[in-house]
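See below for the structure under consideration.
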Amino acid sequence: MEFVAAKDLDEALVAKANHPDAEFLAGGTDLMVEVNLAHHRPSSAIGLRRVDELREMTDLRIGAGVTWATLESHPHRALAQAARTVGSPQIRAAGTLGGNIGTASPAGDGLPWIAALDGTIELRSKDRGTRVMPWREFFVGVKRTAILPDEAIVAVRIPEDTPARQEFAKIGVRNAMVISTVSCVVTHGDNGTTVALGSVAPTPMRATRAEEMINAEKNPSEAALAEFARIVSEEVRPITDHRSTESYRRHGAGVLARRLLERCLS
C-alpha cells in the first residue's frame, strides 16, 4: 500500500486528486480495523496527522482532525458528553470527528449532535475549492455519504444561534467502550427544542413531529412529556440486529429523549 504523509491540506488535496481511490487516514480507529479484519484493502492512503489546519477549532467551526480527547472539554455540552463516551482513552486520543463523519455509521456518536444543531459539513477539493453541505444532504445511507471522490472533509460548521441547553446520552450493553444501541441529543433554547437520534435509522435523524409537538407546549406537563416520548418512539426507524431489537430501540429512543428534555428544562 502506498502512503503519502501530507504536510498541509493543499498537499493532501493534490494527492487525492491524483489518486481518487486513496483513503484519507487521520486517527485510523475505523479504517485500520477494516484493514486488519481484511474487510477493506485500500491501494493507497493519505496521512492527515501533520495537517495543522484540520485541528483548528472555534465554538462554531470544528476541524475534521480534532480528536475526541480534545472535544471532551468542548464548550458545547452535548458534544463534550458524546466525546467522553467514545471508546477508550487511547481511542479518544487518536480518533477524530472527521473520521466519525466520513465513516457515517448510524451509531456514530458525534452525528446526532451535528443533526440536532443543524450543522453543515465543510468539504474541499483541489479543483473546485470549498463547498458546504447540510447534514441531511451529506448522510445518504448506512455508511454512505455524498462526498465526491476528490474531496476531503475539512470541518463541521455550527450555526451562531446554538442553544446553550443541550444534552447527550446513549444506551449500550455496558457503561463504557460500547457502540450505541440508541443515542440521542436534545437541545432547548429561545428557538425551541430539537431532538436528534442515532442507531435508530440508516442515518442520523431528527424527530420532527416530536419537536413540533413539544414546541407547542410552553410549560410541558407530565402528560406532554409522555406524549413527546411516545412520538419519538413512533418516529424512529430502527432495525433488529445483533446489538438490539427494533422494539427495544423504539422504547429506548423515547425514554432517552424524555430524560434529556427534562434535563434541558430543569
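For region 116-266, restrict the atom set to alpha-carbon positions and state the Rg and Dmax in Å.
Computed over the Cα atoms of region 116-266, radius of gyration and Dmax are 16.7, 55 Å.
List every residue whose amide H lies under 5 Å from the amide H of A155, counting only residues 5 or more places away in sequence or on a different chain, with H placed 1.01 Å from N in the peptide plane.
Close amide H contacts, sequence-distant or interchain: A64, E122.
If the only charges are +1 at each Lys and Arg Cβ and -1 at each Asp and Glu Cβ, what is the size of the charge dipole of region 1-128 around the Cα centre, to the nearest 20 debye?
180
Enumerate the amide H contacts of M205 below 5 Å, restricted to partners 5 or more residues apart or on another chain; note that Pro and chain-start residues carry no placed amide H.
L197
Of Q90, H251, H188, which is farthest along the charge dipole of the chain in the positive direction, counting Lys and Arg as +1 and Asp and Glu as -1 at C-beta?
H251
Would you mind counting up the charge near S73? Only other residues with Cβ under 13 Å from its Cβ, with Lys and Arg at +1 and Asp and Glu at -1.
Charge balance in the 13 Å sphere: +1.
So if I place +1 on the C-beta of Lys and Arg and -1 on the C-beta of Asp and Glu, and nothing else carries charge, what would the dipole magnitude of the chain be about its Cα centre? I want it in debye, nearest 20.
About 600 debye.
Would you mind checking the pairs K143/K170; K16/K170; K7/K143 and listing those with alpha carbons more than 31 angstrom apart?
K16/K170
Over what distance in Å are the Cα centres of region 112-165 and region 180-204 separated?
With region 112-165 and region 180-204 each reduced to a Cα centre, they are spaced 17 Å.
Quick check for me: using +1 on Lys/Arg Cβ and -1 on Asp/Glu Cβ, what's the dipole size of region 165-265 about its Cα centre, in debye to the nearest 20?
About 360 debye.
Report, to one decimal in Å, the Kirkwood hydrodynamic radius for region 34-187 based on all distinct Cα pairs.
Answer for region 34-187: a Kirkwood hydrodynamic radius of 16.0 Å.
So, by mean Cβ neighbours within 10 angstrom, what's the order for 239-252, 190-203, 70-83 with the highest one leading?
So the peptides 239-252, 190-203, 70-83, ranked by packing, come out 190-203, 70-83, 239-252.
Could you check the simple spin-label distance between V140 and E56, using points 7 Å along Cα→Cβ, in nm with one decimal?
Placing both labels 7 Å beyond Cα along the Cβ direction yields 2.9 nm.
Using the C-alpha gyration tensor of region 51-142, what are the square roots of 5 times its eigenvalues, in whole angstrom, with the largest one first?
20, 16, 13
Over the residues of the chain, compute the C-alpha Rg and express it relative to 2.2 N^0.38 Å.
1.01
None of the figures in this text is laboratory data; all of them are computed from the coordinates on show. Keep in mind that this is a model prediction, so the values were computed, not measured. Heads up, the Cβs are rebuilt from the backbone with ideal geometry, glycines too, and the neighbour counts pull from every protein chain shown.
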